[in-house]
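Before any comments, here is the structure.
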Amino acid sequence: MRTTGQAAPGAWPRDEAEALKVQDELRTLVSHESVGALGGARRVAGLDVAYAKDESVVAGAIAVIDPVTGEVAETSTATRPVEFPYIPGLLAFREVPALLDALDRLTAPPDVLVCDGYGIAHPRRFGLACHLGVLTGLPSFGVAKTAFVGVFDEPGPRRGDWSPLLDGSEEVGWEEVGRVLRTQAGVKPVFVSTGHRVGLDETIELTLRLATSYRLPETTRQADRLSRSALAVAKA
């Protein structure tokens, strides 16, 4: 899978100031217009990473699932040294290189990327899902376990209930940066936000199609397991 020149790990920033500059440049390329790909998607890629205990190595994993059959169509993993410091809001610079490597190892590009993280629900409106979407050109969105920014009311108790995730203030106004979605009755909600070339309504629909039995989408569950396995092999 081809990515932009800025995806080359060797060209990536090494400190916070450089990373913020790159982030500001790339976020202007985010498209908030849906390409209508999610409804008919048959190759939905879940992406996740696992870190070594000393954070010297990161393993990226891709699990491609057919949401119609629920079957895993393909998997891929890659490991890399961690070459960027831990800075909240800039974690993509630690994780994207390994995830791009894993994406490049797939036999065919996925229809959409489902990231274990954030899209525009991010302090600078450019989370991991936005970053990967821009670099690959693929529709993308994030499904996170916790909120990074914003305030919200607890959604209703039933599967499919949701409430808006809002960021801002009374002085400057409020912006809907995602939705707080109950994927299963009686469990904590997840936080869904758009990344690139998708609409919020369709991300909610696809998340529910992927989360048939558990709180998290099956794409995330499979990718999490794969990343941990790949890391164990790399550190063995």
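We did not get these values from a lab; they are worked out from the coordinates using the rules stated. This structure is a prediction, so every number in the text was calculated from the model and none was measured. A quick note on method: Cβ atoms are made from the backbone with ideal geometry, for glycine too, and the neighbour counts reach across all protein chains shown.
Quick one: in segment 183-197, of everything that is touching a residue at least 40 places away in the same chain (Cβ under 8 Å) and small (Gly, Ala, Ser), which residue is nearest to PRO155 (Cα to Cα)? It comes out as SER193.
Residues of segment 207-224 being assigned to a loop (DSSP other than H, G, I, E, B) and among the aliphatic types (A, V, I, L, M), which ones? Let's see the steps before the verdict.
Taking segment 207-224 and keeping what is assigned to a loop (DSSP other than H, G, I, E, B), we get 211-217.
The answer is ALA211, LEU216.
Yes or no: ARG80 among the charged types (D, E, K, R) and under 22 Å from VAL198 (Cα atoms)?
Numbers: among the charged types (D, E, K, R): yes; under 22 Å from VAL198 (Cα atoms): no.
In short, no.
Filtered by the rule that a residue be under 13 Å from the mean Cα position of the chain (by Cα) and more than 15 Å from GLY160 (Cβ to Cβ), segment 208-220 gives LEU216, THR219, THR220.
Exactly one residue among PHE141, PHE126 is part of a strand (DSSP E or B) and either farther than 28 Å from ARG182 by Cα or in contact (Cβ under 8 Å) with a residue 40 or more places away in the chain (or both), and that residue is PHE141. Checked across segment 177-194, the condition of being in contact with a Leu (Cβ under 6 Å, 6 or more places away or on another chain), surrounded by fewer than 24 Cβ atoms within 10 Å (Cβ to Cβ) and in a loop (DSSP other than H, G, I, E, B) holds for at least one residue. Selection within segment 61-81: residues that are over 24 Å from ALA232 (Cβ atoms) and either touching a residue at least 60 places away in the same chain (Cβ under 8 Å) or touching a Cys at 6+ places or on another chain (Cβ under 6 Å) (or both). The member of this set that is surrounded by the most Cβ atoms within 10 Å (Cβ to Cβ) is PRO67. Can you pull out every residue in segment 209-220 that is over 13 Å from VAL44 (Cα atoms) and either touching a residue at least 40 places away in the same chain (Cβ under 8 Å) or among the aliphatic types (A, V, I, L, M) (or both)? If the condition is that a residue be over 13 Å from VAL44 (Cα atoms) and either touching a residue at least 40 places away in the same chain (Cβ under 8 Å) or among the aliphatic types (A, V, I, L, M) (or both), then THR212, LEU216 are the ones that fit.
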